[in-house]
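Peer 1: Sharing a structure, written as structure tokens. Questions coming.
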Amino acid sequence: MKTFQKRLLCLSLLACSFTLQAQTTDKEEVLRIIHKVNNHWQTAHPEPGWAFWENAAYHTGNMEAYLLTGEASYREYSERWAEKNEWKGAKSEDKKNWKYSYGESDEYVLFGDWQTCFQTYADLYLLDPAQHKIARAKEVMEYQMSTSRNDYWWWADGLYMVMPVMTKLYKITQQEEYLEKLYVYFSYARDLMYDNTSGLFYRDAKYIYPKHQTRNNRKDFWARGNGWVFAALAKVLADLPKENRYRDEYITVYRNMAEALKASQQEEGFWSRSILDKEQAPGYETSGTAFIIYGYLWGVNNGLLEQSAYGETMRNGLKYLLETALQPSGLVGYVQPIGERADQHNNVGPETTANFGVGAFLLATSEYVRFLEKTHK
């Protein structure tokens, strides 16, 4: 009878606990999943691609997996990619023709989607310093900072693409201008796209309510867009000095987003492509969900978010990522393809994958291992 009572007590304590209890709580099992997913992707894509954002976003996750596991092939994969692209993004040398509107050709040097690669170049530099690895990143960002423009980040994705570049380059150079301009550019983006009432970001000015709204007349907040921002804030806060005078402002937006995203998570653990209107774009979506879960895990691991408040949110999100998004082969499915709108694609299914979605999955699961190391000793 005493044994039975002890079991009942244990079950009661577990039921009342706010600690994260995802389906997979064994560190070694999560590491096995990371290797399976990353090896699946790299085996299917042996040749490095161009330096544009979708590949660069994958490499942010690949480098996180390397830093966690020490698997040399992961670092080598990113190094081969950097070398193929000459440690550059867009390659134009004619500064008077550099642009920052949307563009995929080499004159769009100042467009943030061509600057995401600098995150990985900076990470590789920090592992083995050599100036050629960051020479182009410094040239581009220092030229950009020398201009009087502040509207470089006019779309939500741009915050993930470039905010961490600036904190990483500050970490390397100790030049305060990186942090000052980071705040200037972020302030422009926040004032343009952040909805104070909801605590979420519109994708860009085209989607601001009521000019744009869902078919049910609701505000249309794109899951991946908010995932980009939430993850960006986590990555920035990781490198931003504790004494930085703007740190509290970033934390305020980050925490407000955490509350808003918690309230809008679907029962199955994912965030619908239109966060506040599931009917706008029905079905699972992995990329936004993975970036969001990474943001939560980083915040809890680093003391900026309370586990008691967000444990269930993280548990449900990880359950979705590990049981629904992850396929038996190691493929990460239900990734909405490249686009900018919640309702842009139909038939997003278990075999729908993409490099940036794999990168987001690697970020989230790597941070989950760190969580398990802290809480399951």
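Just so you know, all these numbers are worked out from the coordinates, no wet-lab data involved. Note that the structure is predicted; figures quoted are calculated from it, not measured. Cβ sites come from the backbone with ideal geometry, for glycine too, and all protein chains shown count toward neighbours.
Peer 1: Go ahead and run the numbers for FRET between E312 and L126, Cβ-Cβ distance against an R0 of 41 Å, rounding to 0.05.
Peer 2: 0.70
Peer 1: What ranking do 153-164, 194-205 get when scored by the average of other Cβ atoms within 10 Å per residue, highest first?
Peer 2: The densest-packed peptide leads the list: 153-164, 194-205.
Peer 1: Have a look at T313, V253, T173 and report the one farthest towards the positive end of the charge dipole of the chain, computed about the Cα centre with Cβ charges (Lys/Arg +1, Asp/Glu -1).
Peer 2: Of T313, V253, T173, it is T313.
Peer 1: Could you work out how far helix 135-146 tilts from the main Cα principal axis of the chain, as a 0 to 90 degree angle to the nearest 10?
Peer 2: Once rounded, one gets 80 degrees.
Peer 1: Can you compute 3J(HN,Hα) from phi for each residue in segment 117-134, using the Karplus curve 6.51 cos²θ - 1.76 cosθ + 1.60 with θ = phi - 60°, rounded to whole Hz and x for Gly and Pro?
Peer 2: 4, 5, 4, 5, 4, 5, 4, 5, 4, 5, 6, 7, x, 7, 4, 5, 6, 10
Peer 1: L200's amide H: which non-local residues (gap 5+, or another chain) put their own amide H closer than 5 Å, with H modeled 1.01 Å from N in plane and none for Pro or chain starts?
Peer 2: The answer is D195.
Peer 1: Over the Cα atoms of segment 228-377, what radius of gyration and what Dmax do you get, in Å?
Peer 2: 15.2, 47
Peer 1: I would also like to ask the following. So what is the relative contact order for the chain, in percent, with contacts set as C-alpha pairs under 8 Å and at least six apart?
Peer 2: 20
Peer 1: What size of dipole, in debye to the nearest 20, comes out for segment 146-291 about its Cα centre when the only charges are +1 on Lys and Arg C-beta atoms and -1 on Asp and Glu C-beta atoms?
Peer 2: Dipole about the Cα centre, nearest 20: 140 debye.
Peer 1: Would you please give the residues with an amide H less than 5 Å from that of L326, counting only those at least 5 places away or on a separate chain, with H modeled from the backbone geometry?
Peer 2: G333
Peer 1: What does the charge count near Y368 come to, summing +1 for each Lys or Arg and -1 for each Asp or Glu among other residues with Cβ under 14 Å from its Cβ?
Peer 2: -1
Peer 1: Hey, got the dipole for the chain? About the Cα centre, +1 on K and R Cβ, -1 on D and E Cβ, debye to the nearest 20?
Peer 2: 860
Peer 1: Taking the mean number of other Cβ atoms within 10 Å as a proxy for protection, how do you rank 333-341, 350-358 from highest to lowest?
Peer 2: 350-358, 333-341
Peer 1: Something else about it: Pairing the Cα long axis of helix 355-375 with the longest principal axis of the chain, what angle in degrees results, from 0 to 90 and rounded to the nearest 10?
Peer 2: Long axis of 355-375 versus the principal axis of the chain: about 50 degrees.
Peer 1: Right, something else. Determine how many Å³ per residue the convex hull of the Cα atoms of the chain encloses.
Peer 2: Each residue corresponds to 147 Å³ of Cα convex hull volume.
Peer 1: Relative to the first principal axis of the alpha-carbon coordinates of the chain, what is the inclination of helix 247-264, with its axis defined by its Cα atoms, in degrees from 0 to 90 and to the nearest 10?
Peer 2: Relative to the chain, helix 247-264 is tipped by roughly 50 degrees.
Peer 1: Considering only C-alpha atoms, what is the centroid distance from segment 147-211 to segment 119-141, in Å?
Peer 2: Distance between centres, Cα-based: 21 Å.
Peer 1: List the residues, sorted by chain then number, that are 5 or more residues from L276 or on another chain and whose placed amide H is less than 5 Å from its amide H.
Peer 2: Answer set, sorted by chain and number: F221.
Peer 1: Where the convex hull is taken over the Cα atoms of segment 142-188, what is its projected area averaged over directions, in nm²?
Peer 2: Over every viewing direction, the Cα hull of segment 142-188 projects on average to 3.0 nm².
Peer 1: As a test of the formula, what do you get for the chain when each DSSP H run with n ≥ 4 contributes -39,500 (n - 2.57) and the sum is divided by the residue count, at 222 nm and rounded to the nearest 500 deg cm²/dmol?
Peer 2: Calculated mean residue ellipticity at 222 nm is -18000 deg cm²/dmol.
Peer 1: Pop out the ³J(HN,Hα) list for segment 335-352 in order, Karplus 6.51 cos²θ - 1.76 cosθ + 1.60 with θ = phi - 60°, rounded to Hz; leave Gly and Pro as x.
Peer 2: For segment 335-352, the Karplus curve yields 8, 4, x, 3, x, 9, 10, 4, 9, 7, 9, 10, 6, 7, x, x, 9, 7 Hz.
Peer 1: Just H59, H345, H35 to compare: in a GNM of the chain, with alpha carbon springs under 10 Å, which one fluctuates most?
Peer 2: H345
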